[in-house]
Amino acid sequence: MKNLMLILRREYLLRLRRPSFWVLTLLVPVVLAVLYALPVIAAQKSARQATVLVVDQTGLFEGSLVSTDEVHFHTMPSLDYARQQAGKDDLILFVPMRETTIPRDAFLYYSGSNPSTTLQSTVDGQLQTLLRNAILEDVYQVEPSVYHSVETTNIKLHTQEAGSGKESFVRVKTVVAVVLAVLLTLAIVLFSLQVMRSVQKEKQNRVAEILASTVKPVWLLVGKIGGVALTALTQTILWIILTTLCIQGIQSTAPDLFAQAREQQEHRSLATKGVEATAQYDNPVQLVDEAVQGLTAIHLPTVAGMFLLYFLLGYLLYGALLATLASRLDSYSSGGGTADADALQWALLVALPLFVVLVLAPLVLRDPSGSLASWLTVIPFTAPAAVMLRLPFGLPVWQAVLGIVLLLITFAAAALAAARSYRSHLLG
């Protein structure tokens, strides 16, 4: 046990002394905080009202276009006059007269920067709505309000648990499941590759031969894998703390900006192109509210605990497999790049089951309780990613327990195989 603690301490401190560890530890939270704040800042910087000069030769749209936060409409008597009055960043909306009563074309002229897609959608949507209303009234003698009451009819299907009446929040849980599965897969692969690279390096510089001659191979393997696991845990905790502090710092520097963004998000209505905001969105159930409610419906402590547990078990399994692979791969005295490329190809092949689960994610999410999802949950090589896909929707306890037991058994077998490989391939 004393030798095991020495190996653990050596592997842990060795990685803490590397500049790359601290660069990534400090850089990632800053990047995440910037990615969090960038859309808010960019949205506020770009939130300016454009001026559109309207020249309507048909008379159908004159005085009916409604100004919004994105665009201000101003009627002009002629196209030549509008061109004379237009500023550098102003736009001109021209609706030409046609022989028929229904106009078919409208032109949005600009001389400065290209108008945003939001502005184009706003103008286009209002034109479509006004033209449709005119056709309903003049041609079919139908009140637009009557038509809209039928067009905007909508029934929302609520999927609830029979006993408690809780909403399922399928969309929110689907996003959470995919994010968890991808993050877990990347974490397992990246930190397992660190074990593989460590074994390759020590095999090249002959350090492993010295260690393996004084320490039992199994303790050497467990110490190496455990040292990387402690490094990963330390880095993850630091990422969480530093990211939280960075986000709070950014919010404290411009509280009004973020408060305004939250207010806009809460009052933002949904509309489709060419159709007015429907009655169901007059008092909308906002997407943000649905996301918050959906996250609340998920027991986050359980999800976090299972994520850490399956990350640890998956990392132990794939770390042992890649350590065995590294001890068996030939190292070249020259051409290290070729050796690294070969090792990476083999490593991706070993980790292929995890990526297969991500490819099958649509099928698993389509039926989280189906036979495919159940089998992927208990197969040790696919269990970590499969459990993350199913966890937000609920996971039978017996399947979780069976998957954990099989993971532990498979890891034990992989660790013994790695220990034998250490002894036979490192000491010859």
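Here, each number is a calculation from the coordinates, and none is a lab measurement. Note that this is a predicted model, so its numbers are computed, not measured. With ideal geometry, Cβ positions are generated from the backbone for all residues, glycine too; neighbour counts draw on all protein chains shown.
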Ranked from highest to lowest mean number of other Cβ atoms within 10 Å per residue, what is the order of the peptides 65-77, 185-197, 376-388, 108-120? 376-388, 185-197, 65-77, 108-120
Place +1 on the Cβ of every Lys and Arg and -1 on the Cβ of every Asp and Glu in segment 51-149, take the dipole about the Cα centre, and give the residue among S64, Y140, I102 whose Cα lies farthest towards its positive end. I102
Mean separation of Cα pairs under 8 Å and 6+ residues apart, divided by the residue count of segment 51-149: what relative contact order is that in percent? 27 percent
Could you tell me, in Å, what Rg and Dmax come out for the Cα atoms of segment 51-149? 14.2, 43
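First measure r as the distance between the Cβ atoms of L24 and S121, then evaluate 1/(1 + (r/R0)^6) with R0 = 45 Å and state the FRET efficiency to the nearest 0.05.
On the way: r = 41 Å, r/R0 = 0.90.
Working from the Cβ atoms, E equals 0.65.
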With θ set to phi - 60° and the Karplus curve 6.51 cos²θ - 1.76 cosθ + 1.60, what are the ³J(HN,Hα) couplings of segment 322-327 in order, to the nearest whole Hz, using x for Gly and Pro? 6, 5, 4, 4, 5, 5
Return the percentage of antiparallel bridges among DSSP beta bridges fully within segment 51-149, rounded to the nearest 5 %. 30 percent
What ranking of L127, L391 emerges when the number of other C-beta atoms within 10 Å of each C-beta is taken as an exposure proxy, fewest first? L127, L391
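Just how large is the dipole of segment 51-149 about the Cα centre, in debye to the nearest 20, putting +1 at every Lys and Arg Cβ and -1 at every Asp and Glu Cβ?
The dipole magnitude comes to about 180 debye.
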Say R0 is 56 Å: what FRET efficiency, to the nearest 0.05, do L349 and Y81 get from their beta-carbon distance? 0.20
